[in-house]
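Only one structure is covered here, and it is reproduced in the block below.
Just so it is clear, none of the values below were taken in a lab; they were calculated from the coordinates. Quantities reported herein were computed from a predicted structural model and do not represent experimental measurements. All Cβ positions, even for glycine, are placed from backbone atoms using ideal geometry, and neighbour counts span all protein chains on display.
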Amino acid sequence: MADLQADYDALQSMANIFEQAAQQFDQMQNSIQNMASVLEGGALKGVAGDRLVRLLQSNLARKVAFGAEKFRELKQDVLDAMGDLSDADQQGASQF
């Protein structure tokens, strides 16, 4: 039987990195909203300005939010795996 070991510190580090990435996506989304507000305030007028604002608010902001959500899902997957591994370690240790 193969000898499996989990590096819990590395797994926690991975989860932290995923959370940091999600936070960066959140910051990016805030920047996009700020940019759209500036454009709506008159920095770029007319049809082109309106279209750019719509694209920023709908397409780009939505995709950035999706990216943040995915990184948070990855973080949770790692944390769940850590819990499962820890439970298996404890169960295995109790059998000896």
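Just the number: Rg to Rh for the stretch 2-96, Cα atoms, Kirkwood Rh, two decimals.
On the way: Rg = 21.3 Å, Rh = 16.1 Å.
That ratio is 1.32, to two decimals.
About its Cα centre, what dipole magnitude does the chain give when the only charges are +1 on Lys and Arg Cβ and -1 on Asp and Glu Cβ, stated in debye to the nearest 20? Write out the running numbers ahead of the final one.
Numbers: 8 positive and 14 negative charges, 212 e Å.
Here the chain has a charge dipole of around 1020 debye.
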